[in-house]
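The values are calculated or read from the model by the stated rules, or taken from the named source; none is laboratory data. These figures come from a predicted structure and were not determined experimentally. Note: ideal-geometry Cβ built from the backbone for every residue, glycine included; neighbour counts use all protein chains shown. These area figures cover heavy atoms from the full protein model, side chains too; ligands, DNA and RNA do not enter into them. Shrake-Rupley method; radii C 1.70, N 1.55, O 1.52, S 1.80 Å.
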Amino acid sequence: MLERYNAYVGERHLDVGVGTGWFLDHCNWPVETPQITLLDLNENSLSVASKRIRRYAPATIQANVLDPVDLGDVRFDSIGANYLFHCLPGELESKAATVASILRPYLASDGVLFGSTILGRGVRHNLLGRRLMRLYNRKGIFSNLEDDQRGLEQGLASKLTGVEVDVVGAVALFAGRQ
Ligand SMILES: C[S@@+](CC[C@H](N)C(=O)[O-])C[C@H]1O[C@@H](n2cnc3c(N)ncnc32)[C@H](O)[C@@H]1O
(Lines give C-alpha, C1' and ligand atoms only; values in the text may rest on other atoms or scores of the structure.)
Protein backbone atom coordinates (compact mmCIF):
# COMPACT_ATOMS: atom_id res chain seq x y z
CA MET A 1 0.00 0.00 0.00
CA LEU A 2 2.80 2.41 0.87
CA GLU A 3 4.57 1.53 -2.38
CA ARG A 4 1.44 2.45 -4.26
CA TYR A 5 1.15 5.77 -2.45
CA ASN A 6 4.79 6.41 -3.33
CA ALA A 7 4.12 5.52 -6.96
CA TYR A 8 0.95 7.54 -7.42
CA VAL A 9 0.78 10.62 -5.19
CA GLY A 10 1.14 13.91 -7.01
CA GLU A 11 1.70 17.52 -6.08
CA ARG A 12 -2.06 18.15 -5.73
CA HIS A 13 -3.61 15.19 -3.90
CA LEU A 14 -7.13 14.44 -2.70
CA ASP A 15 -7.51 11.63 -0.18
CA VAL A 16 -10.98 10.20 0.31
CA GLY A 17 -11.76 8.09 3.37
CA VAL A 18 -8.66 9.19 5.22
CA GLY A 19 -8.78 7.04 8.37
CA THR A 20 -5.77 7.94 10.52
CA GLY A 21 -3.77 9.39 7.62
CA TRP A 22 -0.91 6.93 8.14
CA PHE A 23 -0.07 6.57 4.44
CA LEU A 24 -0.21 10.32 3.88
CA ASP A 25 2.22 10.74 6.74
CA HIS A 26 4.65 8.05 5.58
CA CYS A 27 4.63 8.25 1.79
CA ASN A 28 7.19 10.06 -0.34
CA TRP A 29 5.71 13.19 -1.88
CA PRO A 30 7.10 14.36 -5.21
CA VAL A 31 7.43 17.94 -3.93
CA GLU A 32 8.32 19.46 -0.56
CA THR A 33 4.98 21.16 -0.10
CA PRO A 34 2.20 19.04 -1.63
CA GLN A 35 -1.31 20.54 -1.67
CA ILE A 36 -3.38 17.94 0.15
CA THR A 37 -7.15 17.85 0.57
CA LEU A 38 -8.79 15.35 2.92
CA LEU A 39 -12.39 14.28 2.40
CA ASP A 40 -14.22 12.08 4.88
CA LEU A 41 -17.68 11.56 6.31
CA ASN A 42 -16.33 11.41 9.83
CA GLU A 43 -15.03 14.55 11.52
CA ASN A 44 -12.88 12.49 13.91
CA SER A 45 -11.02 10.90 10.99
CA LEU A 46 -10.52 14.35 9.45
CA SER A 47 -9.24 15.73 12.73
CA VAL A 48 -6.80 12.87 13.41
CA ALA A 49 -5.47 12.74 9.84
CA SER A 50 -5.14 16.49 9.44
CA LYS A 51 -3.27 16.82 12.73
CA ARG A 52 -0.99 13.98 11.73
CA ILE A 53 0.06 15.75 8.52
CA ARG A 54 -0.31 19.33 9.75
CA ARG A 55 3.16 20.06 8.35
CA TYR A 56 1.45 20.07 4.93
CA ALA A 57 -1.47 22.27 6.11
CA PRO A 58 -4.14 20.07 4.47
CA ALA A 59 -7.60 21.34 3.58
CA THR A 60 -10.48 19.26 4.97
CA ILE A 61 -13.94 18.55 3.60
CA GLN A 62 -16.56 16.68 5.59
CA ALA A 63 -18.76 14.95 3.03
CA ASN A 64 -20.24 11.65 1.95
CA VAL A 65 -18.29 10.41 -1.06
CA LEU A 66 -21.49 8.90 -2.47
CA ASP A 67 -23.06 12.36 -2.74
CA PRO A 68 -22.09 14.84 -5.46
CA VAL A 69 -19.63 17.37 -4.08
CA ASP A 70 -18.69 20.80 -5.43
CA LEU A 71 -14.94 21.29 -5.16
CA GLY A 72 -14.87 24.24 -7.56
CA ASP A 73 -12.12 24.58 -10.14
CA VAL A 74 -9.53 22.54 -8.30
CA ARG A 75 -7.95 19.58 -10.14
CA PHE A 76 -5.86 16.85 -8.52
CA ASP A 77 -2.85 14.98 -9.86
CA SER A 78 -3.81 12.05 -7.64
CA ILE A 79 -6.89 10.92 -5.75
CA GLY A 80 -6.55 8.12 -3.20
CA ALA A 81 -9.52 6.02 -2.09
CA ASN A 82 -8.01 3.32 0.07
CA TYR A 83 -9.95 0.80 2.12
CA LEU A 84 -13.06 2.84 1.40
CA PHE A 85 -15.33 0.86 -0.95
CA HIS A 86 -15.74 -2.06 1.46
CA CYS A 87 -17.22 0.44 3.97
CA LEU A 88 -19.79 1.76 1.49
CA PRO A 89 -23.26 0.23 1.14
CA GLY A 90 -24.43 -1.36 -2.12
CA GLU A 91 -23.03 -3.52 -4.90
CA LEU A 92 -19.36 -2.97 -5.67
CA GLU A 93 -19.97 -2.24 -9.35
CA SER A 94 -22.41 0.51 -8.52
CA LYS A 95 -20.48 2.06 -5.62
CA ALA A 96 -17.22 2.07 -7.62
CA ALA A 97 -19.01 3.70 -10.58
CA THR A 98 -20.68 6.28 -8.33
CA VAL A 99 -17.44 7.29 -6.59
CA ALA A 100 -15.50 7.34 -9.87
CA SER A 101 -18.12 9.52 -11.58
CA ILE A 102 -18.21 11.97 -8.65
CA LEU A 103 -14.41 12.27 -8.44
CA ARG A 104 -13.47 12.05 -12.13
CA PRO A 105 -14.22 15.73 -12.91
CA TYR A 106 -11.63 16.69 -10.29
CA LEU A 107 -8.80 14.67 -11.83
CA ALA A 108 -6.17 16.61 -13.77
CA SER A 109 -5.94 15.46 -17.40
CA ASP A 110 -3.01 13.17 -16.52
CA GLY A 111 -4.21 12.50 -12.97
CA VAL A 112 -4.80 9.09 -11.41
CA LEU A 113 -7.47 7.71 -9.09
CA PHE A 114 -6.01 4.84 -7.07
CA GLY A 115 -7.11 2.79 -4.14
CA SER A 116 -7.78 -0.53 -2.51
CA THR A 117 -10.67 -2.47 -1.09
CA ILE A 118 -11.23 -5.78 0.68
CA LEU A 119 -13.18 -8.25 -1.44
CA GLY A 120 -15.73 -10.73 -0.14
CA ARG A 121 -16.02 -13.09 -3.13
CA GLY A 122 -13.46 -14.99 -5.18
CA VAL A 123 -10.76 -14.54 -2.53
CA ARG A 124 -9.66 -16.57 0.48
CA HIS A 125 -9.93 -15.09 3.95
CA ASN A 126 -8.22 -16.84 6.83
CA LEU A 127 -10.13 -17.80 9.97
CA LEU A 128 -9.70 -14.43 11.64
CA GLY A 129 -10.52 -12.65 8.40
CA ARG A 130 -13.74 -14.65 7.97
CA ARG A 131 -14.80 -13.85 11.53
CA LEU A 132 -14.07 -10.16 11.09
CA MET A 133 -15.90 -10.09 7.75
CA ARG A 134 -19.00 -11.65 9.32
CA LEU A 135 -18.90 -9.40 12.38
CA TYR A 136 -18.20 -6.17 10.50
CA ASN A 137 -20.84 -6.90 7.87
CA ARG A 138 -23.38 -7.73 10.59
CA LYS A 139 -22.63 -4.46 12.38
CA GLY A 140 -22.70 -2.46 9.11
CA ILE A 141 -19.04 -1.38 9.42
CA PHE A 142 -18.29 -3.26 6.18
CA SER A 143 -20.64 -3.99 3.31
CA ASN A 144 -18.56 -6.27 1.11
CA LEU A 145 -19.69 -9.90 1.36
CA GLU A 146 -20.65 -9.90 -2.34
CA ASP A 147 -17.82 -7.65 -3.55
CA ASP A 148 -15.71 -9.25 -6.28
CA GLN A 149 -12.98 -8.24 -8.72
CA ARG A 150 -15.29 -8.23 -11.73
CA GLY A 151 -17.72 -5.78 -10.12
CA LEU A 152 -14.87 -3.45 -9.24
CA GLU A 153 -13.39 -3.60 -12.75
CA GLN A 154 -16.74 -3.01 -14.42
CA GLY A 155 -17.73 -0.16 -12.10
CA LEU A 156 -14.43 1.66 -12.53
CA ALA A 157 -14.15 0.99 -16.27
CA SER A 158 -17.61 2.49 -16.81
CA LYS A 159 -16.23 5.90 -15.74
CA LEU A 160 -12.43 5.77 -16.09
CA THR A 161 -9.84 4.73 -18.67
CA GLY A 162 -6.81 2.48 -18.30
CA VAL A 163 -8.33 0.72 -15.31
CA GLU A 164 -6.03 -1.81 -13.64
CA VAL A 165 -7.06 -4.10 -10.80
CA ASP A 166 -4.64 -6.45 -9.03
CA VAL A 167 -5.77 -8.77 -6.30
CA VAL A 168 -3.28 -9.49 -3.52
CA GLY A 169 -4.64 -11.83 -0.89
CA ALA A 170 -8.16 -10.59 -0.19
CA VAL A 171 -7.43 -7.02 -1.25
CA ALA A 172 -8.05 -5.49 -4.67
CA LEU A 173 -5.63 -2.72 -5.62
CA PHE A 174 -6.86 -0.47 -8.41
CA ALA A 175 -5.97 2.53 -10.49
CA GLY A 176 -7.65 4.38 -13.33
CA ARG A 177 -7.41 7.63 -15.23
CA GLN A 178 -9.71 10.28 -16.66
C1 LIG B 1 -10.93 1.87 6.83
S2 LIG B 1 -10.81 3.62 6.82
C3 LIG B 1 -9.59 3.87 5.53
C4 LIG B 1 -8.36 4.54 6.05
C5 LIG B 1 -7.27 4.94 5.09
N6 LIG B 1 -7.69 5.28 3.75
C7 LIG B 1 -6.21 3.87 5.02
O8 LIG B 1 -6.06 3.25 4.00
O9 LIG B 1 -5.56 3.65 6.04
C10 LIG B 1 -12.28 4.13 5.99
C11 LIG B 1 -12.48 5.64 6.03
O12 LIG B 1 -13.56 5.95 5.15
C13 LIG B 1 -14.42 6.88 5.78
N14 LIG B 1 -15.74 6.72 5.18
C15 LIG B 1 -16.60 5.69 5.33
N16 LIG B 1 -17.72 5.90 4.61
C17 LIG B 1 -17.54 7.08 3.97
C18 LIG B 1 -18.34 7.85 3.08
N19 LIG B 1 -19.56 7.41 2.70
N20 LIG B 1 -17.87 9.01 2.62
C21 LIG B 1 -16.64 9.46 3.01
N22 LIG B 1 -15.85 8.79 3.86
C23 LIG B 1 -16.29 7.62 4.33
C24 LIG B 1 -14.34 6.53 7.25
O25 LIG B 1 -14.74 7.60 8.08
C26 LIG B 1 -12.86 6.19 7.39
O27 LIG B 1 -12.09 7.33 7.67
Tally of residues being open to solvent by 100 Å² or more (accessible area, probe 1.4 Å) and either closer than 20 Å to W29 by Cα or of a type in the set (D, E) (or both) across region 43-64
4
Determine whether K95 is within 16 Å of the ligand (Cβ to nearest atom), charged (D, E, K, R) and loosely packed, with under 13 Cβ neighbours inside 10 Å.
no
(1) surrounded by 17 or more Cβ atoms within 10 Å (Cβ to Cβ); (2) assigned to a helix (DSSP H, G or I): which one isn't true of D147, the others all being true?
(2)
Quick check on region 1-42: of everything there that is acidic (D, E) and under 28 Å from P68 (Cβ atoms), which residue is most open to solvent (accessible area, probe 1.4 Å)?
E11
Flag if R121 is open to solvent by 80 Å² or more (accessible area, probe 1.4 Å) and farther than 19 Å from D67 by Cβ:
yes
Complete set of residues in region 98-118 that are small (G, A, S), away from the ligand (no atom under 11 Å from the Cβ) and within 13 Å of the chain's Cα centre (by Cα):
A100
Run F85 past the list (1) in contact (Cβ under 8 Å) with a residue 24 or more places away in the chain; (2) over 15 Å from the mean Cα position of the chain (by Cα) and report the number of the one that doesn't hold.
(2)
Does any residue of region 6-26 turn out to be farther than 27 Å from L119 by Cβ, near the ligand (Cβ under 9 Å from one of its atoms), touching a strand residue (DSSP E or B) at 6+ places or on another chain (Cβ under 8 Å) and modelled with pLDDT of 95 or more?
no
Return the pairs, sorted by first residue and then second, in which the second residue is at pLDDT 95 or above and not charged (D, E, K, R), the first residue lies in region 151-168 and is open to solvent by 70 Å² or more (accessible area, probe 1.4 Å) and in a strand (DSSP E or B), the beta carbons are less than 6 Å apart, and the residues are 6+ apart or on different chains.
E164/A175; D166/L173
